[in-house]
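Below: one structure, written as structure tokens.
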Amino acid sequence: MTELEREQEYVDRLYARVDELRAQVAEELAGALRERGASARDLVEREARVDRLTERAVALDHAENGLCFGRLDLADGQVRHVGRTGLRGPAPERTPLLLDWRAPGARPFYVATPADNHGVVRRRHLRTEGRRVERIEDELLDLDVAPGSVQLQGEGALMAALAEHRTGRMKDIVTTLQAEQDEIVRAGVDGVLVVQGGPGTGKTAVALHRAAYLLYAQPSVARRGVLVVGPTPTFLDYIEQVLPSLGETQVVLTTPEHLVPGVIPVRREEPAVERLKGDVVMAEVLARAVLARQAAADDVTITFEGDEYHLPGHVLQAAAERARRAGRPHNVARRHFRAEIVTALALEVVGAGFRLMQDVEEGLEDELAAVDASLAKNPDAVLARVDAVGTQIDGLAAAHEVPHVERELLADPAVAAELEELWPTLTPDALLRDLFAGPQLLTAASAGLLDVDERNLLRRDLGTEWCVADVPLLDEAAELLGVDESAARAREERRRRENARFARQVLRSNDLLVEEGDGDAVSAGALLSDDELARRHAETDRRSFAERAAAERTWVYGHVIVDEAQELSAMTWRALFRRCPAGSMTVVGDVHQASGPTAVESWEVALAPHTSARVRRAELTVSYRTPQEVMDAALPVLRALDPAAPAPLCARSTGAVPVRVPVGEEGPAAEHVDDGPAAEDGDGDVDVDVDDAAPGPLPRAVAAVVGRALARGDRTGVVAPEGRVAELAAALGARAGATDLRADVVVLSPAEAKGLEFDAVVVAEPAEILAAERGLNDLYVAMTRPTSTLTVVHTGEPPAVLAHMPVGSV
Ligand SMILES: Nc1ncnc2c1ncn2[C@@H]1O[C@H](COP(=O)(O)OP(=O)(O)OP(=O)(O)O)[C@@H](O)[C@H]1O
């Protein structure tokens, strides 16, 4: 029997066990669903069991592909197979059959080297197709073991994975995770872990595997889930399969611009506006804007039942001060402010009535005239109050009156309107709209913080739709304003009681509940409290974890992962730390790829305001995407950005030297474009749906290069200056901008290309890319997207940073 056959036998055994478990789970699930249950508690337990079994069934399904991918032979003779999930044999032995890749025992699979072999003699990679073992490949790690005793087979699993054609969907790298990556994946959960690394060093892949690891290893993370923040929706589409393929679903994927549920920004603004809105100064402006809406008046006069009552400014200010105590947000503090003001008013009203009565008793003529006047205005109210206070008015009697008058005050629309004016209920939307559209509000909120030009940048009409940079401001505003949940809580309590009543009826009608004399619920052997009944019934929220978490702005996650983190503004960082106040985050990015208006050039700057968070740094140094030849071509761009930047090391070299294709007025001189090795059977002919009426020589040249890449079977990305994306896409018959990456050819701006990769990349008109605000960074991003070939197509002279590239024959 060959080694391959032996492994096949073992893998067959694993799949047989999976099938057995699946059947078992399915049977138990069916049984659980059929169960009627003797008691209401049984019902509760049954439901929990159904949830558990469903989760297990899903995990077993996810493990189907690539169930087992590794094996460790230890010096003590032990053999461990490593895979996507842990498996044990049947009870009572429960022999370990397969080790979950995240278990501590599997770690040597990723980190053992001949120099530090962690007790491993041999590491074996298994490449499977469905349930069939296609290939095995061994590494000998204990050099003291006689070389003849183990057989090394196959090419490096890593190289095979890296050389594969891309599919437009990121795959997990659980089978070939490298040691420096594994260290990051398994790093402790506390504090912020910043991972800096050049293009293609696996930052995204590692961050996602870290999410899977933490969900497996850290109960606190599993309870609250993980938030993954990526740069664009296209990027999220690109990575969305990775965590499910690792069996993890407790994850919410989002972009900074979709962080606030219900807010869908329609566009970006000028860089200067985005920069200003992203600056931390806006937190202060917003805080002041909220303060300005709280009892801003000096004195007020409130009319109630025809009489005027005066509230001096100092009374209002003192009440406002007390309401704001303990950092209560505006809409919560409002309740306290209102209560105090209403009491003050009620005392005024009662006091006025009391004085009136005294005056009446003293028989002062002019005061009688006042009573007459009052009666004339509102006879019922005055007589009612006189009645209530009676003849023996004193402080006590007046105090009894106060709650009654408070209720009357609150029910009076004019008083309610005055109170609302003094301290309005505000939504984030209203606060920001009023601020940006009202010159006075903005000037007051930003005095000493912003100058006139900056204020002008923020001005907009009341009805303008939200833009990307408004999102963290709306989040900040939501935090400052808070939600007064007292009414909702009261509603919830009513609903809870209603649920308990309903659950009781259901149980009674199913003969599961016997009512005892005192009204307590007694079921066969089990007592169920009202609370439990209500909870049991209320748990009808069948949304998935991700749906619930994503819908709740204030959801606190167990861990937050931020990709392309160098792009985030200070205001976005504040919004993210709110989603994980404990500051448990993995922040990955590359400061040399920083290109947006709010991007930072150092992690210290980005995280400085969050000094309470413990920050650790890690670095990834080897690029697994970018071949050496491509990195060499991009190196002058990196050096122009930062002469001291270390060039990422490359895991492989392809022999395909990137070329530039100059385009004259007439376009490429011939139909043939030599941009690297042609497909084996390719003759270099253009095989792309080129629009013959393509408007100019550049689109024609790009189309020619793309055609050649497609002929090689390469999934191709064209990265072009933003202003040319539509034109080039039209010429190529492709869809422009963020689109389905599974298409053969995609045309993107450098910003849209962030984090993505393609077999072949065509960079169009680099001089225009360089003309953007952070053009060098954009060009560096664009040039480092290919896994295989890079071609730069340009009109005119090449930019200096690309002049070194050899010219492709045209
Ligand atoms: N250990 C590995 N085994 C196999 N493939 C890997 C490994 N590490 C990274 N890769 C692959 O390298 C490519 C680049 O990875 P990834 O996108 O995570 O890099 P990145 O550092 O986020 O890049 P960028 O900064 O350009 O966004 C991906 O195709 C990824 O699957």
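Nothing in this text is a laboratory measurement; each read-out follows from the coordinates by a stated rule. If you're wondering where the values come from, they're calculated on a predicted model, not measured in any experiment. Glycine gets a Cβ as well: all are built from the backbone with ideal geometry, and neighbour counts include every protein chain shown.
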Rough spin-label spacing in nm, given labels placed 7 Å along Cα→Cβ, for Thr303 and Ala272: 4.8
Modelled FRET efficiency - R0 35 Å, Thr2 with Glu164, Cβ distances, 0.05 increments: 0.85
Residues Ala743 and Glu547, FRET efficiency given R0 of 30 Å [Cβ-Cβ distance, rounded to 0.05]: 0.55
Thr54 versus Asp116: modelled label distance in nm, points set 7 Å from Cα along the beta carbon direction: 4.5
Protection-proxy order for peptides 746-756, 104-114, each taking the mean of Cβ atoms within 10 Å per residue, highest first: 746-756, 104-114
Difference of contour (0.36 nm per residue) and Cα-Cα distance, Arg614 to Asp190: 151.9 nm
Alpha-carbon centroid distance for the pair region 95-141 / region 458-494, whole angstrom: 51
FRET efficiency for Ala645 and Glu20, using Cβ-Cβ distance with R0 set to 45 Å, rounded to 0.05: 0.25
Inter-part distance where region 598-663 and region 289-352 are each reduced to a Cα centre, Å: 58
